[in-house]
Amino acid sequence: GDNIVLFAPLVLILDARNVSTTLTAAACAVYFWARLAHALVYAAGIPVARTVTFMIGWIACAVLVLAIFRIV
């Protein structure tokens, strides 16, 4: 996935800072399912759904960034 380059370091930073909350776990799960859905709709050729699922994954990453800075 193209935004795994963003997701993986965020998770590693959170782990290094010993930050693990219900919200970060949920964001990781949402990211996984959004990326899976993205792959499926990409293969099916549904452009609008592709964009939506990509954005959901990106928002999950944004939640992880906020968790790093303890904003959420």
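The values are calculated or read from the model by the stated rules, or taken from the named source; none is laboratory data. This one's a predicted model, so the numbers in the text were calculated from it and none came from an experiment. Cβ atoms come from the backbone with ideal geometry, glycine included; neighbour counts cover every protein chain shown. Accessible surface is based on the protein model in full, side chains and every heavy atom, while ligands, DNA and RNA are left aside. Shrake-Rupley method; radii C 1.70, N 1.55, O 1.52, S 1.80 Å.
Observations on the structure shown:
- With every protein chain in place, the chain: carbon and sulfur % of accessible area (1.4 Å): 74 percent
- With contacts taken as Cα pairs under 8 Å at a separation of at least 6 residues, the chain carries a relative contact order of 44 percent.
- Checking every one of the chymotrypsin sites (Phe, Trp or Tyr not before Pro) in the chain against DSSP loop status and a limit of 13 other Cβ atoms within 10 Å picks out 69.
- Karplus-based coupling profile of the range 25-37, in residue order and whole Hz: 5, 5, 4, 5, 5, 4, 4, 4, 5, 5, 5, 5, 4, with θ = phi - 60° in 6.51 cos²θ - 1.76 cosθ + 1.60 and x standing for Gly or Pro.
- Volume of the convex hull of the chain (Cα atoms only), normalised per residue: 66 Å³.
- Neighbourhood net charge (14 Å Cβ-Cβ; Lys/Arg +1, Asp/Glu -1) for residue 58: +1
- Of the trypsin sites (Lys or Arg not before Pro) found in the chain, those in coil by DSSP whose Cβ has at most 13 other Cβ atoms within 10 Å are 17, 70.
- Just checking the listed ones, 48, 19, 30: in the Gaussian network model of the chain with Cα springs under 10 Å, the one fluctuating most is 48.
- Derived scalar couplings between HN and Hα for the range 40-54 equal 5, 6, 5, 5, 7, x, 9, x, 5, 5, 4, 5, 4, 5, 4 Hz in order, rounded to whole Hz, by the Karplus curve 6.51 cos²θ - 1.76 cosθ + 1.60 (θ = phi - 60°), x for Gly and Pro.
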